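Following: one structure in structure tokens, then a few remarks.
The values are calculated or read from the model by the stated rules, or taken from the named source; none is laboratory data. These numbers come from a predicted model, not from an experiment. We place every Cβ from the backbone using ideal geometry, glycine too, and count neighbours over all the protein chains shown.
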Amino acid sequence: MTKETLSDHNNSTHPTPKKTDRRILRTRRMLKDALLSLMEEKEFSQISAKEISDRADLNRGTFYLHYSSTEDLLEHICRDLLAEMEKTIDVFQPQQRRESLKTIVNHIVTFIDSDRVLFRSLLNNFHSEAMVQGIAHILLEKGLRLRNQLAAGADDQELAYCSYFITYGIVAVIRQWFRRDCDLTSDELQEYIYRFVSPIIDSAV
């Protein structure tokens, strides 16, 4: 599963009809919840379509009516979450370099904190790297915008590397937070992240 796959809404193997039946939405929700529940217990690679169907109290044929594989189901979960995360950020229009980064980080951490169990499963599971890439992509595209915000004469190559360093560093800190059983409050986590990245941005100006 790749970042390109997540962002390609038009090439989905299961295009959503204009008006989806409530029973279909309910069944898909049951399958998604079943997979996430199983991911709390084991690695994604060890989970089968039959296990997901059994956990959802559905037959395996029903699973394949909606998703082509377990990977397809996980991809849909990640895609939906990332789209929802983007919506929460789109209401904010960056005005200043410092406030832009701080506010975007706060939006993302608050969104993730709203459902810790769900994001712990997705960010700590080996097969959820697409979720990691997706969050990093949102940070890069909507939060940092270093090319436009740093000095006009700054080196483009340096800015590119600096952007990725900061972006994936933020995601790594969030993953570590989950691995440490959320030993910080979300406000403390936000403050830590901003304190870590601010000197890097300042030194790049």
Result of the Cβ filter at 6 Å on region 165-177, keeping first residues that are free of Cβ contacts under 8 Å to residues at least 12 places away in the same chain and partners that are assigned to a helix (DSSP H, G or I) and buried (at least 17 other Cβ atoms within 10 Å of the Cβ), at least 6 apart or interchain, is none
Note to self: Among the residues that make up region 62-74, is at least one of them at pLDDT below 95 and touching a His at 6+ places or on another chain (Cβ under 6 Å)?
What the structure shows: no
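What number of residues within region 62-75 satisfy the criterion of being in a helix (DSSP H, G or I) and either without any contact (Cβ under 8 Å) to a residue 60 or more places away in the chain or over 30 Å from I104 (Cβ atoms) (or both)?
8
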Here the residues within region 50-88 that are surrounded by fewer than 18 Cβ atoms within 10 Å (Cβ to Cβ) and of a type in the set (A, V, I, L, M, F, W, C) are L58, L65, A83
Of the residues in region 28-61, those that are modelled with pLDDT of 95 or more, of a type in the set (S, T, Y) and in a helix (DSSP H, G or I) come to S53
Pairs returned, first residue in region 110-130 that is without any contact (Cβ under 8 Å) to a residue 60 or more places away in the chain, second residue that is among the polar types (S, T, N, Q), beta-carbon separation under 6 angstrom, 6 or more apart or interchain, are F111/T88
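Among the helices (runs of 4 or more DSSP H) lying completely within region 128-205, list those that include at least 3 residues that are modelled with pLDDT under 85 and exposed (fewer than 13 other Cβ atoms within 10 Å of the Cβ).
By residue number, 156-179, 186-204.
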